[in-house]
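Visitor: I have a structure I would like to understand better, so I am pasting it below and will then ask my questions one at a time.
Quick note: the coordinates plus some simple rules give every number you see, no bench work behind them. If you're wondering where the values come from, they're calculated on a predicted model, not measured in any experiment. Cβ: placed from backbone, ideal geometry, glycine included. Neighbour counts: every protein chain shown.
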Amino acid sequence: MSSESDTVTEPVTSTAEDGRGRSILLAVGVSVVALSGVLGFFIGSNGAEAVPRSALFGGLLVIPTTPLSMTAYAVTLSTLVLAVLFGLVELASRMEGDR
């Protein structure tokens, strides 16, 4: 074998499975946000009698314990957390691809 054949690599072609990971992560993200919204509604419905207001982040934010406000808080918080996590996954993927 010649040394030239050792260094030749075949180009990597894009397949339909390249976008599969993103669609799976998107489906998981939408499911988590929807589930957090349902749980927020449930907590807001049942907790309003016991605790009329909820102090969040050490009292920096005080929201009424209603189904709508708890749903909005849960959806917003889960969306922000997932956006940060998915952004870090994207960054790690790009850094690994640069090697």
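Visitor: For segment 19-99, count all C-alpha to C-alpha pairs, find those more than 19 Å apart, and express that count as a whole percent of the total.
Guide: So the pairs more than 19 Å apart make up 49 percent of the total in segment 19-99.
Visitor: How many nm separate the modelled label positions at Arg99 and Ala72, each set 7 Å beyond the Cα in the direction of the Cβ?
Guide: That separation, rounded to one decimal, is 4.5 nm.
Visitor: How about segment 28-99: which GluC sites (Glu not before Pro) there are in a DSSP loop, with at most 16 other Cβ atoms within 10 Å of their Cβ?
Guide: Sites meeting the loop and neighbour criteria: Glu49.
Visitor: Tell me which residues come under 5 Å, amide H to amide H, from Ser54 once H is placed; ignore anything under 5 positions away on its chain.
Guide: Ile63, Thr65
Visitor: Using the number of other C-beta atoms within 10 angstrom as an exposure proxy, rank Ile43, Ile63, Ile24 with the fewest first.
Guide: Ranked by crowding around the Cβ, least crowded first: Ile24, Ile63, Ile43.
Visitor: Restricting to DSSP loop positions (anything but H, G, I, E, B) with no more than 16 other Cβ atoms inside 10 Å of their own Cβ, which chymotrypsin sites (Phe, Trp or Tyr not before Pro) remain in segment 10-99?
Guide: Phe57
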